[in-house]
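Undergrad: After the structure tokens below, expect a handful of questions from me.
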Amino acid sequence: MSRDFVGALLQLNAEKGVSREQLIRTVEEAIQSAYRRSPGDEDIHVRIDAETGKVRVFRARLVVDEIEDPTTQMTVAEAQAYQPGAEVGDLVETEQLDQEAFGRIHAQTAKQVVLQRLHEAERNVVFDEYASREGELITGTVSRVEPRAMILDVGKAEAILATTEQSPLEHYRIGQNVKAYVLEVRRSAKGPQIYVSRTHKGFVRRLFELEVPEVHAGTVEIKAIAREAGSRSKVAVASRQQGLDPVGATVGQRGARVQAVVAELNGEKIDVIEWSEDPSTFVAKALSPAQVIEVRIDEEHRIANVVVPERMLSLAIGREGQNARLAAKLTGWRIDIRSDVSVAEAARTEDGQESATAPAAVASEAGHAAARQSAPVAPEAVAIEAAEPVATGEPAKPKRRKNVKSAESEDVGEVAP
């Protein structure tokens, strides 16, 4: 076991991708394990020369202050008899053994342990390789389709694409190349399990990094992404370089760059908007393609009250509230959408109630004065007084008109992020 052994190590290194040092350490541990299965041989150690392949077998014990295991430990005084100057923590060699003591049974045991440890080392290498790629894109080939998942062959391992992580627009066939986003890598008895997704918003981010050089270089930053996989996504971008249009750079000439991402997502619509530090500006842009007249921000309750033209109300809310819902997710604000017509009518109603309140209050006071002159007032009757809403410091709430819709009826959309 010399030159042939070294050649075998180099071949394993090339085939399995396991480092040479790790292979040698694995073989050392396997031979040690085979020796130590015999009673009284618990202190046997094995060392292999990586250059020549020579194996050295010897007995050695650990130097300790107080002996707990006499088969593997010794005191300082005992150690100094073999190695002067030995200290606590040193491994002191006590006897050199002949390799001929390594019999046929030991060899078979060592072979089994070596193969087992090599498989473990190979699995660890594959796990480390893919664990470092969490949050990145990988490309695999569809190897088989199961009821609850699709299995991708990604080289040294298999990736699991669950049905919940697949877009409803997509259909796959055996042998098809598929890009996916690595969610998590777990250890298992059969090797690393790689869980991937095509619905995660990080998948859209990585696709833009592939298609847009400015995003990959960092001159254009993707600030936020809101996504409903298979239907629509909103992407907020900002520029780190003065004079660079982030939206134009992301969309590309004639929409070439964003269309490449849309093609990978099988036709999913993507809105690219410019990010802004001003919440009102950001909310207004997030509701595109609808036009916004006004945005009033309630910092305390994190509510954005948005006014849009009557003709843009349905567009702002979107089909089944999708546009408003994505805008709320993108901005992190709760969005209340009203049309300019409903806001104006509410204001007129409020003004009418205030104007009608003043004459009623004068008439009520005159009636009370006449009553006081004509009859004595009971003590308990003094507390019977209608409190006006204006006295609380809050404006009177107008009557809700039937044409003012809720988020479900698409006239007033109030959406929480």
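The values are calculated or read from the model by the stated rules, or taken from the named source; none is laboratory data. Everything quoted here is computed from the prediction, not taken from an experiment. Note: ideal-geometry Cβ built from the backbone for every residue, glycine included; neighbour counts use all protein chains shown.
Undergrad: If we keep just the residues of the range 91-109 that are touching a helix residue (DSSP H, G or I) at 6+ places or on another chain (Cβ under 8 Å) and modelled with pLDDT of 70 or more, which is nearest to residue 188 (Cα to Cα)?
TA: 109
Undergrad: Another question, then. Which one of the conditions (1) within 17 Å of residue 227 (Cβ to Cβ); (2) touching a helix residue (DSSP H, G or I) at 6+ places or on another chain (Cβ under 7 Å); (3) in contact (Cβ under 8 Å) with a residue 40 or more places away in the chain; (4) not β-branched (Val, Ile, Thr) does residue 318 fail to meet, given that it meets all the rest?
TA: That leaves (3) as the condition not met.
Undergrad: Okay, moving on. If a residue must be loosely packed, with under 12 Cβ neighbours inside 10 Å and under 26 Å from the mean Cα position of the chain (by Cα), how many such residues does the range 232-258 contain?
TA: Qualifying residue count for the region: 0.
Undergrad: If you don't mind, there's one more thing I want to ask. Just the residues that are within 11 Å of residue 272 (Cα to Cα) and touching a residue at least 12 places away in the same chain (Cβ under 8 Å), please, taken from the range 233-251.
TA: Hits for the range 233-251 are 233, 234, 235, 236, 237, 238, 246, 247, 249, 250, 251.
Undergrad: So which of 182, 237 is assigned by TED's automatic domain parsing to the domain that holds residue 143 and either out of contact with any Cys (no Cβ under 6 Å at 6 or more places or on another chain) or part of a helix (DSSP H, G or I) (or both)?
TA: 182
Undergrad: Can I ask one more? Can you tell me how many residues within the range 30-63 are in a strand (DSSP E or B) and hydrophobic (A, V, I, L, M, F, W, C)?
TA: The initial filter retains those residues of the range 30-63 that are in a strand (DSSP E or B), namely 44-48, 55-63.
Right, trim to hydrophobic (A, V, I, L, M, F, W, C) and you get 44, 46, 48, 55, 57-58, 60, 62-63.
Of the residues in that region, 9 qualify.
Undergrad: Within the bounds of the range 133-143, is there any residue that is surrounded by fewer than 17 Cβ atoms within 10 Å (Cβ to Cβ) and over 29 Å from residue 256 (Cα atoms)?
TA: For the range 133-143, residues surrounded by fewer than 17 Cβ atoms within 10 Å (Cβ to Cβ) and over 29 Å from residue 256 (Cα atoms): present.
Undergrad: Give the range 259-292 a look and list any residue that's over 24 Å from residue 219 (Cα atoms), in contact with a helix residue (DSSP H, G or I) (Cβ under 6 Å, 6 or more places away or on another chain) and in contact (Cβ under 8 Å) with a residue 40 or more places away in the chain, or say none.
TA: 287 - this is the single residue of the range 259-292 that is over 24 Å from residue 219 (Cα atoms), in contact with a helix residue (DSSP H, G or I) (Cβ under 6 Å, 6 or more places away or on another chain) and in contact (Cβ under 8 Å) with a residue 40 or more places away in the chain.
Undergrad: Moving to a separate point now. Collect the residues in the range 155-193 that are at pLDDT below 90 and crowded, with 19+ Cβ neighbours inside 10 Å, keeping them in residue-number order.
TA: Passing the criteria: 157, 192.
Undergrad: Applying the selection to the range 1-29, what residues are at pLDDT 70 or above and part of a loop (DSSP other than H, G, I, E, B)?
TA: Just the residues of the range 1-29 that are at pLDDT 70 or above, to begin with: 11, 18-29.
Hits for the range 1-29 are 18, 19.
Undergrad: Give the residues of the range 175-213 that are touching a His at 6+ places or on another chain (Cβ under 9 Å), more than 30 Å from residue 119 (Cα to Cα) and in contact (Cβ under 8 Å) with a residue 24 or more places away in the chain, sorted by residue number.
TA: If the condition is that a residue be touching a His at 6+ places or on another chain (Cβ under 9 Å), more than 30 Å from residue 119 (Cα to Cα) and in contact (Cβ under 8 Å) with a residue 24 or more places away in the chain, then 208, 210 are the ones that fit.
Undergrad: Something else: Residue check: is residue 302 surrounded by fewer than 16 Cβ atoms within 10 Å (Cβ to Cβ), under 30 Å from residue 342 (Cα atoms) and outside the structural domain of residue 176 (by TED's automatic domain parsing)?
TA: yes
Undergrad: Looking at 196, 212, which is the one that is more than 26 Å from residue 129 (Cβ to Cβ), buried (at least 17 other Cβ atoms within 10 Å of the Cβ) and not polar (S, T, N, Q)? Can you show your working first?
TA: On the way: 196 fails: more than 26 Å from residue 129 (Cβ to Cβ).
Answer to the check: 212.
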